[in-house]
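Encoded as structure tokens, the structure appears first; notes follow it.
The values are calculated or read from the model by the stated rules, or taken from the named source; none is laboratory data. For clarity, every value in this text was computed on a predicted model and none was experimentally measured. Cβ: placed from backbone, ideal geometry, glycine included. Neighbour counts: every protein chain shown.
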Amino acid sequence: MRFATKVVQAGLVTDKTTGALSTPIYQTASFRHPELGRSTGYDYSRTQNPTRKAVEEAVAALEEGHAGFAFSSGMAAITAILMLYRPGDHLIITEDCYGGTYRVMDKLFAQLGLSASFVDTSNIDQVRQALQPATKAILVETPTNPLMKIADIRAIVALARKHQNPVHVIVDNTFLSPYFQKPLLLGADIVFHSGSKYLAGHNDVICGIAVAKDAALCEQIGFVQNAAGAILGPQDSWLLLRGMKTLAIRLRQHEQNALAIAKWLTTHPSVTAVYYPGLPGHPGKEIQESQASGYGGMLSFTVDHPRLPEQILRKVKVLQFAESLGGVESLITFPAVQTHADIPADIRNRLGITDCLLRFSVGIEDVEDLIADLAQALE
Ligand SMILES: *Cc1c(COP(=O)(O)O)cnc(C)c1O
């Protein structure tokens, strides 16, 4: 079955007794046992719930992994993955990663004895140089947030395989979704998502997903999910499942709009740089095309005056000034102050997350309206 079919059919007729087309929301904490020593396969909803199971199986199938795990947020998914490691273990992480990933590592897991090197994972030499005997995982975001740098997933997997100890390759696939990129097929061990973004797609639910390739690794993640307990509830599981059905058609439109806007921005006199992997001249374009089937709907751009971002955020009417991304509505945000405030200013400036940079999650509205709105806001 092809992707667009799989995504639409996900969770279809899971209730054999009634034949309900849509997966029922099993709003129950517990399940009755038929008799002593027997179970329906469900005992208690932290451990497993049929609505959650439907969405977990759907995402595992889309990412072509062994099993999927749904969490109450993307951060809960990352936290569960980081719990696989022990004091003394070292990780390599993309330097311009999601601010929350930086924060949970720097403020919580550092306390528990994990260490991390934050490097430019679009530069394979930097990844190689950061490897230590204690390195247990390389956590990659590609494209990065917000500078849209591209990491070569296959090359990072090859490095990890050559290392003296087993090193997991973990990919945050939030920006592209399995519609455009399937990291497990490129050799990664674990893929995760903030499902709050493209997977759910409507800016209406917070959720996280992790999928692994290997059965033993899945068992470990499943153990953490049940033991730590940050599971996705049945209502939100249903919302995610429902949102995902249109993933293919949404992402096609997100990308078409993003490409048109990226091209338009490059011609604007007040715009000094546009970061979008689909633009000619983007340094990661070739790698992107070798490992993904598209460029996605996210872009960033810089303007020529530090007062202009404030004006743009005040003047936009169709675009909404809001954090988050990946929903049908266009959202624009100011990373230095909003999403990346937890990254120290000197690191932010070195990375290029300056006070002239804006990030744009391009929605699926009519592209002419989006361009007209940006044009008046930039005036
Ligand atoms: C939003 C986001 C997260 C965190 O997910 P939540 O659902 O907000 O907890 C992680 N990684 C990326 C790339 C994100 O955009």
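Computed values, structure above
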item: Given (1) out of contact with any helix residue (DSSP H, G or I) (no Cβ under 8 Å at 6 or more places or on another chain); (2) within 18 Å of Leu147 (Cβ to Cβ), number of the condition Cys356 does not satisfy; result: (1)
item: Residue among Thr135, Thr142 that alone is of a type in the set (Val, Ile, Thr) and over 16 Å from the mean Cα position of the chain (by Cα); result: Thr135
item: Pair list, Cβ under 7 Å, 6 or more apart: the range 336-360 residue in the same structural domain as Ala322 (by TED's automatic domain parsing), other residue of a type in the set (Ser, Thr, Tyr) and within 16 Å of the ligand (Cβ to nearest atom); result: Thr339/Thr333; Asp342/Tyr102; Ile343/Tyr102; Leu357/Ser300; Leu358/Ser300; Arg359/Ser300; Arg359/Thr333; Phe360/Ser300
item: Condition check for Val318: closer than 14 Å to Gly297 by Cβ and among the hydrophobic types (A, V, I, L, M, F, W, C); result: no
item: Failed item, numbered, when Ala80 is tested on (1) within 16 Å of the ligand (Cβ to nearest atom); (2) surrounded by fewer than 19 Cβ atoms within 10 Å (Cβ to Cβ); (3) of a type in the set (Gly, Ala, Ser); result: (2)
item: Where Asp172 falls short, out of the listed (1) among the charged types (D, E, K, R); (2) surrounded by fewer than 23 Cβ atoms within 10 Å (Cβ to Cβ); (3) within 12 Å of the ligand (Cβ to nearest atom); result: (2)
item: In the range 303-333, residue nearest to the chain's Cα centre (by Cα) [restricted to those that are within 15 Å of Asp373 (Cβ to Cβ) and among the charged types (D, E, K, R)]; result: Glu329
item: Residue selected from the range 61-77 under the condition farther than 18 Å from Thr339 by Cβ and assigned to a loop (DSSP other than H, G, I, E, B), by the criterion nearest to the ligand (Cβ to nearest atom); result: Ser72
item: Enumeration of residues in the range 83-106 that are within 15 Å of the ligand (Cβ to nearest atom) and among the aromatic types (Phe, Trp, Tyr); result: Tyr98, Tyr102
item: From Ser293, Ser300, residue being under 19 Å from the mean Cα position of the chain (by Cα), away from the ligand (no atom under 16 Å from the Cβ) and under 21 Å from Ser177 (Cα atoms); result: Ser293
item: Thr23 of a type in the set (Val, Ile, Thr), part of a loop (DSSP other than H, G, I, E, B) and at pLDDT below 95; result: no
item: Those residues of the range 1-14 which are in contact (Cβ under 8 Å) with a residue 24 or more places away in the chain and part of a loop (DSSP other than H, G, I, E, B), in sequence order; result: Ala10, Gly11, Thr14
item: Ile209 surrounded by 21 or more Cβ atoms within 10 Å (Cβ to Cβ) and either at pLDDT below 95 or closer than 22 Å to Val157 by Cα (or both); result: yes
item: Residue match in the range 214-222 (condition: within 16 Å of the ligand (Cβ to nearest atom), buried (at least 19 other Cβ atoms within 10 Å of the Cβ) and in contact (Cβ under 8 Å) with a residue 40 or more places away in the chain); result: no
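Listed here are the residues, each with its yes/no results for (1) touching a strand residue (DSSP E or B) at 6+ places or on another chain (Cβ under 6 Å); (2) among the polar types (S, T, N, Q); (3) at pLDDT 95 or above; (4) more than 16 Å from the ligand (Cβ to nearest atom).
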residue	(1), (2), (3), (4)
Leu108	no, no, yes, no
Leu112	no, no, yes, yes
Ser117	yes, yes, yes, yes
Gln129	no, yes, yes, yes
Ala134	yes, no, yes, yes
Ala155	no, no, yes, yes
His168	yes, no, yes, yes
Lys197	no, no, yes, no
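Yes or no, residue by residue, for (1) under 20 Å from the mean Cα position of the chain (by Cα); (2) hydroxyl-bearing (Ser, Thr, Tyr); (3) in the same structural domain as Val8 (by TED's automatic domain parsing); (4) closer than 23 Å to Thr5 by Cα:
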| site | (1), (2), (3), (4) |
| --- | --- |
| His193 | yes, no, yes, yes |
| Val205 | yes, no, yes, no |
| Ala215 | no, no, yes, no |
| Phe223 | no, no, yes, no |
| Asn226 | no, no, yes, no |
| Glu255 | yes, no, no, yes |
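The rows are residues; the columns are (1) under 27 Å from Val157 (Cα atoms); (2) among the basic types (Lys, Arg); (3) in contact (Cβ under 8 Å) with a residue 12 or more places away in the chain.
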{"position": "Arg52", "(1), (2), (3)": "no, yes, yes"}
{"position": "Val55", "(1), (2), (3)": "no, no, yes"}
{"position": "Val59", "(1), (2), (3)": "yes, no, yes"}
{"position": "Ala80", "(1), (2), (3)": "yes, no, yes"}
{"position": "Pro87", "(1), (2), (3)": "yes, no, yes"}
{"position": "Asp96", "(1), (2), (3)": "yes, no, yes"}
{"position": "Ala130", "(1), (2), (3)": "yes, no, yes"}
